[in-house]
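The values are calculated or read from the model by the stated rules, or taken from the named source; none is laboratory data. Remember, it's a predicted structure, so these values are computed and weren't measured experimentally. So basically every Cβ, Gly included, is an ideal-geometry build from the backbone, and we count neighbours across all protein chains shown.
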């Protein structure tokens, strides 16, 4: 049995859609007050209202986590207005696939900034608060969950820089876990396979044509399936650390 999150505070990045929105709803449903962080403030406001109508507490924060000061400010505002920080879900990301040869450098830079650097900014700002929560919080444990991808475990052609960013988060997460696990801050990876989301809409049309038939041939994960994995991780008793969950569509063979 999992434990409820009453009296705790979670911050979810990339919360305006997809996995982030589903994770925020799941955590709020377990009793956590949730800070919603993304660039699209209108969507965050609508999600916050949805959480409130269900009896939960939500704080929308429009911020671009690729900006160091915006990322730090989102964490500090969460603590100032909600009182603490027990859970960070680093979910914001971009998936701009395509061959490395002649790829637009702007796509590479965007993925590095969001998938890797933004994750690091949020983790850096959150860690002192997570350590404090683990020592003094109601559950005496805290969680940092990094949402990566199967690309963080298995390199694939056509995804070289996306692979690089996700492998970077994987390496960072394991090294950080070793540093803070003795303080009851749990660092976990959730690695989704093909999931229904807006990510594929950002891929260049010619790249999408090479992907489309493969994705349309299988039943994709729903955002709620990945949110279930996140919820499972953070509701474990203090003695249990789930370090990694790889979740793929049943029909995905790679």
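Just a few scattered comments:
- In the range 94-110, of all residues being touching a helix residue (DSSP H, G or I) at 6+ places or on another chain (Cβ under 7 Å) and either at pLDDT 95 or above or on the phi > 0 side of the Ramachandran plot (or both), the one that is surrounded by the most Cβ atoms within 10 Å (Cβ to Cβ) corresponds to 98.
Each row is one residue, and each column tells you yes or no for (1) under 30 Å from residue 210 (Cβ atoms); (2) touching a strand residue (DSSP E or B) at 6+ places or on another chain (Cβ under 8 Å).
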| site | (1), (2) |
| --- | --- |
| 9 | no, yes |
| 22 | yes, no |
| 32 | no, yes |
| 44 | no, yes |
| 52 | no, yes |
| 71 | no, no |
| 92 | yes, yes |
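- Taken together, 237, 205 contain a single residue that is more than 20 Å from the chain's Cα centre (by Cα), at pLDDT 90 or above and surrounded by fewer than 17 Cβ atoms within 10 Å (Cβ to Cβ), which is 237.
- Residue within the range 37-56 that is touching a helix residue (DSSP H, G or I) at 6+ places or on another chain (Cβ under 8 Å), surrounded by fewer than 21 Cβ atoms within 10 Å (Cβ to Cβ) and closer than 21 Å to residue 83 by Cβ present: yes
Here is a yes/no grid of residues against (1) in contact (Cβ under 8 Å) with a residue 40 or more places away in the chain; (2) outside any loop (DSSP other than H, G, I, E, B); (3) under 12 Å from the mean Cα position of the chain (by Cα); (4) within 23 Å of residue 235 (Cβ to Cβ):
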site: 144; (1), (2), (3), (4): yes, yes, yes, yes
site: 158; (1), (2), (3), (4): yes, no, no, no
site: 163; (1), (2), (3), (4): no, yes, no, no
site: 168; (1), (2), (3), (4): yes, yes, no, no
site: 173; (1), (2), (3), (4): no, yes, no, yes
site: 176; (1), (2), (3), (4): yes, yes, no, yes
site: 188; (1), (2), (3), (4): yes, yes, yes, yes
site: 191; (1), (2), (3), (4): yes, yes, yes, yes
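- Test for residue 62: is it surrounded by fewer than 21 Cβ atoms within 10 Å (Cβ to Cβ), modelled with pLDDT under 95 and in contact with a helix residue (DSSP H, G or I) (Cβ under 8 Å, 6 or more places away or on another chain): no
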